[in-house]
């Protein structure tokens, strides 16, 4: 008789269903785990043996072989402890639950503990419609309850799991927990957001054009570059964008939490989009993910559905800036290693800041620029045309003046973003304006006759590339949404053109 239970392992960010099966044959007593099991699973042999012996179970004096199928996939994770222990403890009984998944790490006292991989695995299995019921650690329910439509059987101890394995109805529970904050109901879909602004735009004095550009960029999740002298408020504006971004769906909150678990962070499930700001000395592997044997998640994937902020943009490695073109265009990053090929979602809003020259004083009215023409040219040439062509909004910041006052606050800006968000979703858009595909641009970015005439003149005068034209339409669509206009007007196109980069 061969008993089987289901579990799963992670391949990148996707879960793969694994069948855990055990045989007990006569021969020299031994215990082996086969099927490309990682070192953490091999260590499970000693944990499982110790747990069973200290909890009044007799370890079978047989040759025990545990197989993890399919055998061609590498497996890892301490959550395989519980299914292996259950198969050995119930070696004389028949396990009747064929579609029951089991996850849990075992302490030497028999306590069932959680691990960082359980949430990403269950969420991925749910997204693939592969899971309906699962035995899980009770302590994991604090975050697993956010994943809907799974029947959970929470257990605290190995003994409890054994008593429930063939009678799951005894402790079956269906959980569903809503998220904190405000909620929008748009076409029977819920979107969540918070009215909390720990860093407020009211603290930014002056910079009216930059704040207007920030509002437009946030409402459509457009890529955004700020150029200006040191201390004019570039980083200050970037750090406040996180709190005025559009609401998030349940799927987006769960995806953000999954990436945080993969980065060994504990998510709080708040409806706030992530903000990642790597230093310009960061390596390519830390930005995009990587590793010699197993590809790990990087800053680009951790910024998914949020903001990736590059301060001092030209100081980043040219290799990193050029590699960033792929996720900016395709919203995905691919990592190829000898042992694995992994793809991560990278649907983020790219925000960057730079000085006008190496010393930073080129645009200053008070300080003298110390840079030569060749130094300025070399500094600017670090940013290639194909890279810059993927940025929708460019703003040149003004120097701070003593008379500057705060005119906008984050609360008002966030309300405007939410109204624009509602317009986009009611129009039937799956993606926000800044992330529209070319087909979606043709469908949703409809210009009136005056706007068409202005755009046609701009194409001829500025020799705009096809990508630039699409970008202008997307920015103009967001400007029109902020004014609650159905068609893109002449004024919207003119304002969108004003945010194009001056060559």
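How tilted is helix 466-482 with respect to the longest principal axis of the chain? Cα atoms for both, answer in degrees (0 to 90, nearest 10). With both axes taken from Cα atoms, the answer is about 90 degrees. For the pair residue 319 and residue 139 in one chain, pulling the backbone fully straight at 0.36 nm per residue adds 60.5 nm over the alpha carbon distance. The overall shape of region 32-125 is rounded: from the C-alpha gyration tensor, with semi-axes ordered a ≥ b ≥ c, the ratio a/c is less than 1.5. Across the chain, Cα pairs under 8 Å and at least six residues apart give a relative contact order of 13 percent. With both bridge residues required to lie in the chain, what share of the DSSP beta bridges run antiparallel, to the nearest 5%? Taking every DSSP beta bridge within the chain, about 55 percent pair in antiparallel fashion. Mean separation of Cα pairs under 8 Å and 6 or more residues apart, divided by the residue count, gives region 114-153 a relative contact order of 46 percent.
Entry note, region 3-174: relative contact order of 23 percent, from Cα contacts under 8 Å with a spacing of 6+ residues.
Taking the longest Cα principal axis of the chain as reference, the axis of helix 118-127 is set at about 80 degrees. To the nearest ten degrees, helix 250-262 and the longest principal axis of the Cα atoms of the chain are 70 degrees apart.
Computed over the Cα atoms of region 191-327, pair by distinct pair, the Kirkwood hydrodynamic radius stands at 16.2 angstrom.
Set the Förster radius R0 to 56 Å, insert the Cβ-Cβ distance between residue 264 and residue 449 as r into 1/(1 + (r/R0)^6), and round the FRET efficiency to 0.05.
That pair, residue 264 with residue 449, gives E of 0.50.
Of the peptides 213-223, 458-468, the ranking by mean beta-carbon count within 10 Å, highest at the top, reads 213-223, 458-468. Spin-label model, residue 190 to residue 461: label points 7 Å out along the Cα-to-beta-carbon direction sit 5.0 nm apart.
For region 3-174, the share of DSSP beta bridges that are antiparallel, to the nearest 5, is 60%. Taking other C-beta atoms within 10 angstrom as a stand-in for reagent exposure, 471, 115, 202 fall in the order 202, 115, 471, fewest first. Which one is right for this structure if Cα extents along the principal axes in Å is calculated from it: (i) 66, 55, 53; (ii) 58, 58, 49; (iii) 86, 50, 41? So the calculated entry is the one marked (iii).
Each reported figure results from applying straightforward, stated rules to the coordinates on display, with no laboratory input. In this text, all values refer to a predicted model and were calculated from it rather than measured experimentally. All Cβ positions, glycine included, derive from the backbone under ideal geometry; neighbour counts span all protein chains shown.
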